[in-house]
Number of protein chains: 2
Amino acid sequence: MKILLKNGTILTMAGSEPEIIEGDLGIEDESIAYVGDTPGDFIPDKIIDASKKIIMPGLVNAHTHIAMSLMRHYADDLPFWEWLNDRILPMEEKLTPDDVYTGSLLSIAEMIRSGTTTFADMYFFMDAVAEAVAETGIRANISRGLVFNEAADLKKLDIGVKLFHDWHKKAGGRIHVDLAPHAPYTCGPEYLEHVRKSAEELGAHIHTHLSESRKEIETIYSLYNSSPIAYMEKLGMFRQKTFAAHCVYVSFDDIRILADYDVSVVNNPGSNFKLGNGFAPIPRFLNAGVNVALGTDGPASNNNLNVFEEMNLAALVNKAVHEDSTVVPAYTALQMATINGARALGREDEIGSLEAGKKADIILVDGGKPHFYPNFNPVPALVYAGQSADVDTVICNGRLLMEQGTLCTMNEDDVLAKAEKTSHRLALSS
Amino acid sequence: MKILLKNGTILTMAGSEPEIIEGDLGIEDESIAYVGDTPGDFIPDKIIDASKKIIMPGLVNAHTHIAMSLMRHYADDLPFWEWLNDRILPMEEKLTPDDVYTGSLLSIAEMIRSGTTTFADMYFFMDAVAEAVAETGIRANISRGLVFNEAADLKKLDIGVKLFHDWHKKAGGRIHVDLAPHAPYTCGPEYLEHVRKSAEELGAHIHTHLSESRKEIETIYSLYNSSPIAYMEKLGMFRQKTFAAHCVYVSFDDIRILADYDVSVVNNPGSNFKLGNGFAPIPRFLNAGVNVALGTDGPASNNNLNVFEEMNLAALVNKAVHEDSTVVPAYTALQMATINGARALGREDEIGSLEAGKKADIILVDGGKPHFYPNFNPVPALVYAGQSADVDTVICNGRLLMEQGTLCTMNEDDVLAKAEKTSHRLALSS
């Protein structure tokens, strides 16, 4: 199957400075065949008119818990522990694998609509998430969240390892599986040592939460006289390739550790703000050479899966925190949402930029809306004025997932109706 | 003309707590006839199916400079003075009245699309803005920005006063005219006394900028040994009803002054963040009983006119600043964008909530998108998940300005093409 995206404004995200090419992009099967001028021997099966469209890499949501879409708009503006213990956990306890599948489909519909072609998910009943990914054509890194309860209880780790054997590099290579020790405050050192060993044996990457709240810092200091990041380093966790969500409360020593081990930080501004945690020091990470990606976190604490919004927040809010209108420029926010996300997930050779040979994970953004005018520069226009609804067409692994606003691989009405019914059942029985 | 909005989810914004009514809303000529059940004797000329739609008041953008849309996406991520002096002012100096008209139409197209039915504008060549408002059917408070250069030069004040005589309560009452002393650092005390007297004579309200940046605070202290807000109070400016943009750097004394004089604050989070100014203390204003509205500021420093985004920023970011997930709850953000905006502009008897007898400024938001599911509560859904593109239909003063995504009072293609041409001409000649 050959697809020609004709006559667009191509933002490749391939270099450290914006590269904008007015021209075509050719797709052959799963991959990008060329960027720029269409060769005479490229005979497309399908031509998509990309005039007035910005062609760019699909966005990477590098940290989320997608099935939690079932619990959003249900408990907001509450103190954190009341939100978690009284509202979210009682619903979560009722979840079945089928519910996780239903919530995953709802979230995948939203992600496709908003231009996300890859997400990194940590949750439970992950086979259901994998099935939803396999069916809908999106790309994902999935992992079973590992929370330790008793010394002998390694069952969840077994489930996580089984997930790796069952799904890693499956669904045409679209699915990767990571190991996901939930957080330093939910996993003791012995348990983490088991996780580390398993990850080493499997060659699995680590997806975790680190230094999200002041309370976490206090807890880990009181238990181990160490910051969460230094604690993980001492245990040798970072010898495995790691990407860590949040990293809000970090010292300069912590930042040095992240840089030394090439640990990727996944910034989740929407969730960090909504839960009242605070501001991760993004310019400091960037100055230290730390790779910073973007995530939405779970949609119950956001309340959406909109990476355009996270780009906007990252670019705007860091300027206010640092009282400097030059930090986190628009192109940096776009890098965070594309190539840096790919790098965090260990997939930068496959995705994250538009280059011949990479997988065809591509979105077309409608630059014809009033907020894109005047057409001086698509980079600030996307970050400071764009919104996820501007995404017109989405391609993942060479396959159309949305064309001109219509989802191609899902029956959206059915997905929404089933999610609505499921959520209300969970809420009533909580 | 009678319009029936049938079978929607009506968020009235009429009280201090959310009031949600499942039902109908009737419009007769310019006004809301009823909210809830359709009386038997109401025979509509037009019925709009509002099922799966949230019916709510049109949004109020209480501080902007709309013609600056011509200069957006042109100069971003620069130090403030470089941005202003080297990029924006050279373009601004070239503006003609016709350019201001062109930029105004571009911005009005974007505002209608994003659910704004009223805006407060301060700029120059304001007759051109007024013409654009009159033609397109939107509602506005307009004012000539008054910057003082020489003691004898009261010409701009004359222009501002003439604007009042020419346009106040014109265009079927949709246009109000305010007097707009630009800021304490651009208007000396004698000039402000002239402005104050004119406002008193006319019964005009005051629209101004206050306490936007650290530099402004330093300047006003060095000149007058006073905060900008205390300086304006001493001059008696606040005896006229005033709404003031920004108020980022304020003391507790400043907040008391604002509360005592019922000065409305227009919070512009997007612009304050993008220009690296910082965070206005919104929860402190609210606790002190200060009326807080929302604005985008000019689109060159935002870069859009999207009040949904400002609601989202206000609700999210204040929680992070104060490390408290309960401050600026979603309903408060919605109040800021509707009834508080109406109050700031002195129009709370006309607009800002859906109540029988008020003007029919109404938007229908499409609650059928995935991010609105599950349908537990439209209030957090609108603020934390919604986006401006969810606005489906817009009514102002009883007239349809957009129906199902199509603008009714403008030729959008022509507006965009002319704005594009104008902006590039201005950039080339700068």
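The values are calculated or read from the model by the stated rules, or taken from the named source; none is laboratory data. Predicted, not measured: the structure shown is a model, and the values here were computed from it. No Cβ is skipped: glycine too gets one built from the backbone with ideal geometry, and neighbour counts run over all protein chains shown. SASA here: full protein model, heavy atoms, side chains in, ligands and nucleic acids out. Shrake-Rupley method; radii C 1.70, N 1.55, O 1.52, S 1.80 Å.
The helix-only estimate of mean residue ellipticity at 222 nm for the protein assembly as shown, built from DSSP H runs of length n ≥ 4 each weighted as -39500 (n - 2.57), is -10000 deg cm²/dmol after division by the residue total. Only Lys, Arg, Asp and Glu carry charge here, each on its Cβ (+1 for the first two, -1 for the last two); on that basis chain A has a dipole of about 220 debye about its Cα centre. Roughly how many Å is it from the Cα centre of segment B:122-144 to that of segment A:65-118, as a whole number? One Cα centre to the other: 44 Å. Over chain B, what relative contact order in percent results from Cα pairs under 8 Å that are six or more residues apart? The normalised contact order for chain B reaches 22 percent. Interface A-B: total buried accessible area of about 5100 Å², 1.4 Å probe, protein heavy atoms only. Report, to the nearest 10°, how far helix A:214-224 tilts away from the longest principal axis of the Cα atoms in chain A, using its own Cα long axis and a range of 0 to 90°. It works out to around 50 degrees.
Within segment B:207-245, whose backbone N sits under 16 Å from a point 7 Å along Cα→Cβ of B:E200? Only B:232-242 fall inside the zone, counting backbone N under 16 Å.
Share of carbon and sulfur in the accessible area of chain A stands at 48%, probe radius 1.4 Å. Under 19 Å from the 7 Å Cα→Cβ point of A:D158, by amide nitrogen: which residues of segment A:65-101? Under cut-off, by backbone N: nothing.
Surface exposure of segment A:59-344, expressed per residue as accessible area with a 1.4 Å probe, stands at 30 Å². Other residues whose C-beta falls under 13 angstrom from the C-beta of A:E30 contribute a net charge of +2, scoring Lys and Arg +1 and Asp and Glu -1.
You can think of it this way: the chain between A:K169 and A:E82 has 27.4 nm of extra reach, that is 0.36 nm per residue less the Cα-Cα gap. Label-to-label distance, A:F42 versus A:L428, with points set 7 angstrom from Cα along the beta-carbon direction: 5.4 nm.
Against the longest alpha carbon principal axis of chain B, how many degrees, from 0 to 90 and to the nearest 10, is the axis of helix B:307-321 turned? Around 70 degrees separate the two axes.
Loop-resident GluC sites (Glu not before Pro) (DSSP state other than H, G, I, E or B) in segment B:276-332 with no more than 16 further Cβ atoms inside 10 Å of their Cβ: B:E323. Averaging Cα coordinates gives a centre for segment A:388-421 and one for segment B:200-268; these two points are 49 Å apart. With θ taken as phi - 60° and the Karplus curve 6.51 cos²θ - 1.76 cosθ + 1.60 applied, the whole-hertz 3J(HN,Hα) list for segment A:236-244 is x, 4, 7, 5, 7, 4, 10, 10, 10 Hz, x standing for glycine and proline. Between B:R214 and B:N411, the simple spin-label model (points 7 angstrom out along Cα→Cβ) gives 5.1 nm.
Candidates B:A132, B:L223, A:L95 compared by Cα position along the dipole of the protein assembly as shown: farthest toward the positive end lies B:L223, with charges placed on Cβ. Each Lys or Arg adds one and each Asp or Glu subtracts one; over the other residues with Cβ under 14 Å from the Cβ of A:L78, this totals -1. Using only side-chain charges placed at the Cβ, +1 for Lys and Arg and -1 for Asp and Glu, the dipole size of the protein assembly as shown relative to its Cα centre rounds to 380 debye.
Computed over the alpha carbons of segment B:65-138, Rg followed by Dmax gives 12.9, 38 Å. Partner lysines whose Cα lies under 16 Å from the Cα of A:K2, excluding those fewer than 8 positions away in the same chain, are identified as A:K46, A:K358, A:K359. With the charge dipole of the protein assembly as shown set up from +1 on Lys and Arg Cβ and -1 on Asp and Glu Cβ about the Cα centre, the Cα lying farthest toward the positive end among the listed residues A:P39, B:I112, B:S429 is that of B:S429.
Residues whose amide H comes within less than 5 Å of that of A:V391, counting only those at least five positions distant or on another chain, are A:D366 (H built at 1.01 Å from N in the peptide plane). For segment A:155-201, applying the loop criterion from DSSP together with a ceiling of 16 other beta carbons within 10 Å to the trypsin sites (Lys or Arg not before Pro) yields A:K169, A:K170. Label 7 Å along Cα→Cβ of B:K421; segment B:105-121 residues with amide nitrogen under 18 Å? Label zone hits: B:105-107.
In this structure, the amide hydrogen of A:A293, modeled 1.01 Å from its nitrogen in the peptide plane, lies closer than 5 angstrom to those of A:V265, A:V266, A:N267, counting only residues at least 5 positions away or on a different chain.
Compared with the dominant principal axis of the Cα atoms in chain B, helix B:412-428 is inclined by about 20°.
Please label the shape of segment B:59-344 as rounded, prolate or oblate, based on the square roots a ≥ b ≥ c of the eigenvalues of the alpha-carbon gyration tensor (a/c under 1.5 means rounded; beyond that, a/b larger than b/c means prolate, else oblate). Cα axes put segment B:59-344 in the rounded bin. Under the combined filter of DSSP loop state and at most 14 neighbouring Cβ atoms within 10 Å, segment A:100-175 retains these GluC sites (Glu not before Pro): A:E150. Cα convex hull, segment B:17-67: 155 Å³ per residue, rounded to a whole number.
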